[in-house]
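A quick write-up on the structure given underneath.
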Amino acid sequence: MKTIQDIATQLNLTKDRNSFIESLVHDPRKGVQKLLNSWEMKLAKQQMIIQQHQSKIEFDNSFKQTAQDLIAGIDEAGRGPLAGPVVTAAVIFEDIHTDLIGINDSKQISRSKRNEFAQQIKKHAKSYSIHVQPPLRIDEINIYEATKESMVESVKLLSIQPDVLLIDAMKLPLDISQHSIIKGDSKSLCIAAASILAKTTRDELMDEWHQQYPNYLFSKNAGYGTAEHLEALQRFGYTPIHRKSFEPIKSM
């Protein structure tokens, strides 16, 4: 009879149901049943992730007029913060690699996982682009228009022209067939990928700004109006990367 440790080791290497798994069902040891239950839960979670991945692919494909159509997903990061840029990204996939399984709304993924996926997206995308809209432009034309302008630029920066745009809750002044998708980053693979590129890029920029303005903890709050950030504004005033059209900076 195999030891519980041996069974644990083999379970870690087992990806699908087989005769070994079936043999464990009848093992009377509580430790074995606990391991089997954990394995079953892990398998169910992985199957759900694969199903969600396939659903996102099918969602994107549903907007194609022909099989050759290229779909670009567009999303942003940083509309709400008091400081820093808004960043937008556009992503086109053609062949969907298995490395992309698990891509989701960037807010639903840990920072380390986002960084891993960002590398895979850049590796496997047919084309991608990232545009950084500075705080000064946000103050000049307002955050909504600045985000829209940045999204347009991200589309223009793509190395190939897409046939269809899928945009997270936005309509763009471009002569390309497009669809505004509410909560698109949870429904569409290419929008979710764009959200990850936008978020990881913005986080990296805010980490850099943290080095210059450590009092505001930008690497922790990404420029959002946390209690610590608001306290720092009261103590030290605002910086050149704060949005002067946003309260409380506007009143200061």
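The values are calculated or read from the model by the stated rules, or taken from the named source; none is laboratory data. Because the structure is a prediction, the values reported are computed rather than measured. Quick reminder, even Gly has a Cβ in these numbers, built from the backbone with ideal geometry, and neighbours come from all protein chains shown. Please note that ligands, DNA and RNA were not included when accessible areas were found on the heavy atoms of the full protein model with its side chains. Shrake-Rupley method; radii C 1.70, N 1.55, O 1.52, S 1.80 Å.
Numbers for the structure displayed
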item: Condition met for Asp139 (in contact (Cβ under 8 Å) with a residue 12 or more places away in the chain and surrounded by fewer than 24 Cβ atoms within 10 Å (Cβ to Cβ)); result: yes
item: Matching residues in the stretch 96-108 - criterion: being of a type outside the set (Gly, Ala, Ser) and touching a helix residue (DSSP H, G or I) at 6+ places or on another chain (Cβ under 7 Å); result: Ile96, His97, Asp99, Leu100, Ile101, Ile103, Asn104, Asp105
item: Members of the stretch 161-188 that are among the hydrophobic types (A, V, I, L, M, F, W, C) and more than 22 Å from the chain's Cα centre (by Cα); result: Leu174, Ile176
item: Selection count where residues are in a loop (DSSP other than H, G, I, E, B) and not basic (Lys, Arg), scope the stretch 101-136; result: 9
item: Pairs where the first residue, in the stretch 89-110, is under 19 Å from Ala67 (Cβ atoms) and without any contact (Cβ under 8 Å) to a residue 12 or more places away in the chain and the second is in a loop (DSSP other than H, G, I, E, B) and not acidic (Asp, Glu), C-beta under 7 Å, 6+ apart; result: none
item: Residue identified as of a type outside the set (Lys, Arg) and open to solvent by 70 Å² or more (accessible area, probe 1.4 Å) among Asp6, Asp75, Asp60, Asp27; result: Asp6
item: Residue within the stretch 211-221 that is under 13 Å from Val86 (Cβ atoms) and not polar (S, T, N, Q) present; result: no
item: Matching residues in the stretch 109-146 - criterion: being in contact with a helix residue (DSSP H, G or I) (Cβ under 9 Å, 6 or more places away or on another chain), among the polar types (S, T, N, Q) and under 18 Å from Ser245 (Cα atoms); result: Gln133
item: Test: residue in the stretch 170-182 that is modelled with pLDDT of 95 or more, closer than 19 Å to Gly223 by Cβ and among the polar types (S, T, N, Q); result: no
item: Selection status of Glu94, among the charged types (D, E, K, R) and out of contact with any Lys or Arg (no Cβ under 6 Å at 6 or more places or on another chain); result: no
